[in-house]
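Single-structure report; data block below.
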Amino acid sequence: MATSVYKRCYVSWDTVPVMLSLSEASVLLRMPEDTVRKHLESGVLPGIKIGRQWRLEKTKLQSMFKGGV
């Protein structure tokens, strides 16, 4: 019997940090980290790279979902 990689999490936007790491975004979006990374690199998801790490802004993610993207 296969188990899901993702834990069920019900998140309020109020509890989400202002800047998310790639792993935090992965949990929030319920996507594998590799997929989130590919979307960041291709520009599908808005994010910035600081050194070797990706960061995503909560407000930009919120506006994406409100805009129906």
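How far is it, in nm, from the label point at residue 65 to the one at residue 44 when both lie 7 Å from their Cα along the line to the Cβ?
Those two pseudo-labels are separated by 1.8 nm.
If the cut-off is 16 Å between C-alpha atoms, which aspartates and glutamates fall inside it for residue 49, apart from same-chain ones fewer than 8 positions away?
Within the straight-line cut-off, residue 49 pairs with 24, 33, 34, 41, 57.
Can you give the extra length, in nm with one decimal, that the chain gains between residue 58 and residue 15 once fully stretched, where that is 0.36 nm per residue apart less the Cα-Cα distance?
Details: separation 43, 0.36 × 43 = 15.48 nm, distance 1.05 nm.
Between residue 58 and residue 15, full extension yields 14.4 nm more.
Every number in this text was worked out from the coordinates using simple rules, so none of it is lab data. All values derive from a computational prediction rather than experimental measurement. Methodologically, a virtual Cβ is constructed for each residue, glycine included, from the backbone with ideal geometry; neighbour enumeration extends over all protein chains shown.
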